Amino acid sequence: MKRRDILLSSAALLAAGASAQAAPTRILVGAPAGGSTDTLARTLATELGRLLGKVVIVENRPGAGGNIAADAVAKAAPDGNTLLMSFTSHAINASLYPSLPFDPVKDFTPLTCVATSPSMLVAHPSVPAKDVRELIALARAKPGQLNFAIGAVGSSLHLAGDLFKMQSGVFIVNIPYRGTAPAIQDVIAGQVELMFAAVGNAQAQVKAGKLKALGVTSARRLAAFPDVPAIAEVLTGYESSAWFGLFGPARMNPDLARRISDAARQAIAAPEVRRRLDAEGAVPVGNSPEDFSKFVQGEIQRWAKVVKFSGARPE
């Protein structure tokens, strides 16, 4: 090859590298704007962009329990410019859907778990039970007469209820809704007795006395609600927290994946990000890619048992 051709080829490679560096990083979110996943993604994006020295934007691709966004990322170039902010459904969908257009483990590079968010078992104030123990006794006395409002079939909150039924042996009927907001409104109105709701979505109504908190799904009581027992105090080993995690496509260069993961973990530790996580009732995590990978695989196995028990099918 002539010297001139070599120089031109080198220049082209440099230009391509500079173009890739200048391209914005997109974080795809498989949920509508305004929800917890979207809020956490946007909170992270600002700080992550500053740390990476580039523009980071959030793009909503809702639908199919997060599968539309996940599929787009699974098929994206592994150049770090297309990432996924996913949530618990990433693990649940592995057994909920008969087939997926991607492998939830092999087609992704886990970067870090951003946060977890425990939920709360709430009831209309008229329900004659002041805690989980009394609710279980009531449900056993009235099988099939109590109802759970379900914000979305196959969601972590839906399966938190089925895990509760599986461990307690009670029969409570699920009433599906298209979204958390209408489900909560019907519990507040007394149309449905019970619901598992994210702490961030229920705390104001609990403090206002519009809903009664019977238990929390975290392993221990929450500092914000020290008088509300953990369900695990009655049902040993019960725990169900939603989680939000950052993924890239499979086959990412290990150094690139580590650089994005380190920046994301540093962003999660930033005071402003922590403040926003707090407001959402979320607990910051920021673990290593290796730990996050093990966690996701464990979640897939754990929720498969609950999905089988529930008999749930995708909407």
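Miscellaneous remarks
- Straight-distance candidates among the lysines for linking to Lys212, with alpha-carbon spacing under 16 Å and chain neighbours fewer than 8 residues away dropped: Lys130.
- Likely footprinting exposure, Met252, Met166, fewest C-beta neighbours within 10 Å first: Met166, Met252
- Here's how it looks for Leu83: its modeled amide H is under 5 Å from those of Arg26, Ile27, Leu28, which are all 5 or more places away or on a different chain.
- Sorted by Cβ neighbour density within 10 Å, fewest at the top, the residues Glu193, Glu299, Glu59: Glu59, Glu299, Glu193
- The alpha carbon convex hull volume per residue for the chain rounds to 125 Å³.
- Neighbourhood charge, 13 Å Cβ-Cβ cut-off, centred on Arg221 and excluding it, Lys, Arg +1 and Asp, Glu -1: -3
- Computed from Cα positions, the angle between helix 156-168 and the longest principal axis of the chain comes to roughly 40 degrees.
- Put simply, the amide H of Gln191, placed in the peptide plane, has no neighbours under 5 Å, leaving out anything fewer than 5 places away on its chain.
- Mean residue ellipticity (222 nm) of the chain, computed from DSSP H runs ≥ 4 via -39,500 (n - 2.57), nearest 500: -14000 deg cm²/dmol
- Karplus-derived HN-Hα couplings along the range 81-98 (A = 6.51, B = -1.76, C = 1.60, θ = phi - 60°), whole Hz, x at Gly and Pro: 8, 10, 10, 10, 9, 10, 8, 3, 4, 4, 7, 5, 4, 4, 10, 6, 8, x
- With 30 Å as the limit on Cα-Cα distance, the pairs of Lys207/Lys305; Lys54/Lys305; Lys106/Lys308; Lys142/Lys207 that go past it are Lys207/Lys305; Lys54/Lys305.
- Theoretical gain in end-to-end length, Ser288 to Asp79 [0.36 nm per residue, Cα-Cα removed]: 73.3 nm
- Taking a straight line from the alpha carbon of Lys210, these aspartates and glutamates sit under 15 Å away, with near neighbours fewer than eight places off in the same chain left out: Asp186, Glu193.
- Highest-MSF residue in the chain out of Ala31, Ala267, Ala64 [GNM, Cα springs under 10 Å]: Ala64
- Fewest neighbouring Cβ atoms within 10 Å first, the residues Ser126, Ser218, Ser119 line up as Ser126, Ser218, Ser119.
Every number in this text was worked out from the coordinates using simple rules, so none of it is lab data. Predicted model, so just to flag it, every value in this text is computed and none were measured. Glycine also receives a Cβ, built like all others from the backbone with ideal geometry; neighbour counts cover every protein chain displayed.
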